[in-house]
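What follows draws every value from the coordinates through simple rules; no lab data is involved. Since we're looking at a predicted model, the values are computed, not measured. For neighbour counting, all protein chains shown are included, and Cβ atoms are generated from backbone atoms with ideal geometry for every residue, glycine included.
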Amino acid sequence: VSDPTHLTLADARRALASGAIGAVELTRACLDAMAAARGLNAFITETPEIALRRAERTDARRAKGVPLSGLDGIPIAIKDLFCTEGVLTTAASHILDGFAPPYESTVTAKLKAAGAVMLGKTNLDEFAMGSSNVTSHYGPVKNPWGPAGDGRDLVPGGSSGGSAAAVAAGLCFGATGTDTGGSIRQPASFCGIVGLKPTYGRCSRWGIVAFASSLDQAGPMTRTVRDAAILLQAMAGHDPKDSTSAPVALPDFEAAVGGDIRGLRIGIPTEYRIAGMADEIGALWDRGIGWLEAAGATVETVSLPHTRHALATYYIVAPAEASSNLARYDGVRFGLRVPGATLDEMYRNTRGEGFGAEVRRRILIGTYVLSAGYYDAYYLKAQKVRALIARDFREAFADVDVLLTPTAPSDAFAIGENLDDPITMYLNDVFTVPTSLAGLPGMSVPAGLSRRGLPLGLQVIGRPFDEETVLKVGSALEAAAQFDARPRRYRGDTGVDSRRGTS
Amino acid sequence: VSLDLETVKTIALLARIRVADDQLEGLARELSSILGWVEQLNAVDTTDVAPMTSVAEMTLPQRDDVVTDGRYPERVLANAPAAIDGFYVVPKVVEP
């Protein structure tokens, strides 16, 4: 195998199974690619010793003919929001300085038990709050598709931007992401990869640093739809340690990939054709509709009337939950402590210095909407509108099997853009937030290039716990789109981003 | 709504986040703008709509109330900025 980092996860799995390549060899190729691409800043922590140790064990198991699973020996990256035992876990926040969890998250424990090789922890927006990765305490991630024609570096999207960049640049065969309002799907769209947010409850939240607990959900980020199905299979499943984890059986996700979509009913929500939508986004959407029709699906218009209120609902619910979840960072039990004369002063100093501007903004908004006298007007109202948004989806799914929408309203923007006004940044999630509020599965599939030559994704949304139909339709889109473009900074393509890594 | 500086100070105190005085005004502007934007929800008729508190339409599972974990205080305290004799150390909270 000439350059194994170009393989899909499914192909790497086959190469390992046939003995064409060993896990150590595969892992070394990824570690070399990571070193050459350090300029992307995709990783906060690289774990080469752990990776090679696990890969050696894989090779020993495979030599004896007893692999743990098909994933045994596959190198992957972990978003630095998953607690990993004894390995620095930062959530990209100053306030978690030096935190090495004494336990392993359920999702990463499952991946480990399947034999997957952890290459390192990927960069993200601080506490997963952002759509650009610029709020990371460890600096922004660069999109491997950049820089743009004007020379400016591009964001990879967020919050799972490090994972998206690492997958797009061929540094790993897949990565874990988390999605609260679009944090898997929007970076997948910006980086030209597949990102799947499963149904709320499909993957355990245990051991994932919490942002907004009624919305947070882990999912796979990969280069193909089949790879996403394979990785999801290993991540998902009921976990008694998470009370919202769904006690439902797992289907064979991979079996759905490439399935026949003839007769499936595809819904096109009219309200997603938002005023001022970029022409090329609308055109891409129309192409996607055409592809699915050509593959034998029927397409009909549906209405989700409360769509336009989803973002405002989200920006009450998510900050409220965040303000409560982030109360635990107090300088007492882990991470940063900034001294103070009294306990209260120590709390305030620690949190004042430890949280970045966006996190602070959201905690304060959350504190306000939950405070006495405002709870009903803001939080309770948002919960009621959220019920209407969820009802819209339920009614639509009475008539159709999946929905097709764009993933994001634009292609990747430049680092530093959209920072003047927080609300402008929030608009990035206009197509992904409603799905999150309703807890539904959604997947972004790369579907084409913008005029600037940057990737654009289409989103497939499914019924609760029907990731199979989402994967089936996603693979039909993938087959029709024939998206084989690769980022300019795909490994070894340019010396620009490798300078920092090799010096 | 437009939050005044006193309100921002109060919220920051409730959230236990120190905010420098010279940042209060900018913060008040940002928070007011976000709150003004989310107030669009007032236009939605939610009469007789029950608030959605969870996506999962299920009864919260209950486990047996037994100890299943523990007895390793040194591991629990390993990440503490200050610990001594099996306890977290914080600034004095009781005056002599």
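With the convex hull drawn around the C-alpha atoms of the stretch A:151-262, the volume per residue stands at 124 Å³. With helices as the sole contributors, chain B gives -9000 deg cm²/dmol at 222 nm; each DSSP H run of n ≥ 4 counts as -39500 (n - 2.57), and the sum is divided by every residue. Given axes a ≥ b ≥ c from the Cα gyration tensor, I'd like to know whether chain B is rounded (a/c under 1.5), prolate (a/b larger than b/c) or oblate. Oblate. May I ask you to list the residues of the stretch A:359-385 whose amide nitrogen lies under 12 Å from a point 7 Å from Cα along the Cα→beta-carbon direction of B:Val49? The answer is A:380-385.
Would you please give the FRET efficiency between B:Asp4 and A:Ala63, computed as 1/(1 + (r/R0)^6) with r the Cβ-Cβ distance and R0 = 56 Å, to the nearest 0.05? Taking R0 as 56 Å, the efficiency between B:Asp4 and A:Ala63 is 0.20. The stretch A:367-445 and the stretch A:1-53 have their alpha-carbon centroids 36 Å apart. Backbone amide hydrogens, once placed in the peptide plane, bring A:Asp330 within less than 5 Å of nothing, excluding anything fewer than 5 places away on its chain. Here the stretch B:1-44 is scanned for amide nitrogen atoms under 20 Å from the site 7 Å beyond the Cα of A:Thr342 along Cα-to-Cβ, giving B:6-21. Computed over the alpha carbons of chain A, Rg followed by Dmax gives 21.4, 70 Å. In this calculation the C-beta distance from A:Asp260 to A:His238 is compared with R0 = 35 Å, giving a FRET efficiency of 0.75.
Subtracting the Cα-Cα distance of A:Arg14 and A:Thr424 from 0.36 nm times their residue separation leaves 143.2 nm of extension gain.
Using R0 = 41 Å, the C-beta based FRET efficiency linking A:Arg273 and A:Val248 works out to 0.75. Helical content of chain A, expressed as a calculated mean residue ellipticity at 222 nm, amounts to -11000 deg cm²/dmol (DSSP H runs of 4 or more residues, -39,500 (n - 2.57) each, divided by residue number, nearest 500). For A:Gly448, the amide hydrogen comes within under 5 Å of the amide hydrogens of A:Leu456, counting only partners 5 or more places away or on other chains and with H modelled in the peptide plane. Per residue, the average separation of C-alpha pairs within less than 8 Å and at least 6 apart gives the stretch A:1-89 a relative contact order of 34 percent.
Dipole magnitude of the protein assembly as shown about its Cα centre, charges +1 at Lys/Arg Cβ and -1 at Asp/Glu Cβ only, in debye to the nearest 20?
1260 debye
Extension gain for the segment A:Ser2 to A:Arg152, taken as residue separation times 0.36 nm less the Cα-Cα distance, is 50.7 nm to one decimal.
Here B:Lys92 is the anchor, and the lysines within straight C-alpha reach of less than 28 Å, apart from those fewer than 8 places off in the same chain, are B:Lys9. Residue exposure proxy: A:Ser324, A:Ser303, ordered by other Cβ atoms within 10 angstrom of their Cβ from fewest to most, comes out as A:Ser303, A:Ser324.
Computed over chain A, relative contact order equals 19 percent, with contacts defined as Cα pairs under 8 Å that lie 6+ residues apart. Where the centre of each part is set by its Cα atoms, how far does the stretch B:13-65 sit from the stretch A:108-148, in angstrom? Measuring centre to centre over Cα atoms gives 27 Å.
Too long at a 21 Å Cα-Cα cut-off: which of A:Lys121/A:Lys142; A:Lys241/A:Lys384; A:Lys241/A:Lys472; A:Lys79/A:Lys142?
Correct reply: A:Lys241/A:Lys384; A:Lys241/A:Lys472.
For trypsin sites (Lys or Arg not before Pro), the sites in the stretch B:41-83 that DSSP calls loop and that have at most 13 other Cβ atoms within 10 Å are B:Arg63, B:Arg71. Counting 0.36 nm for each residue step from A:Leu52 to A:Ile289 and taking away their Cα separation leaves a gain of 80.8 nm. Neighbours of A:Asn133 by Cβ distance under 13 Å: Lys/Arg scored +1, Asp/Glu scored -1, total -4. Between A:Phe43 and A:Asn123, the built amide H atoms are under 5 Å apart, and every one of these is 5 or more places off in sequence or on another chain.
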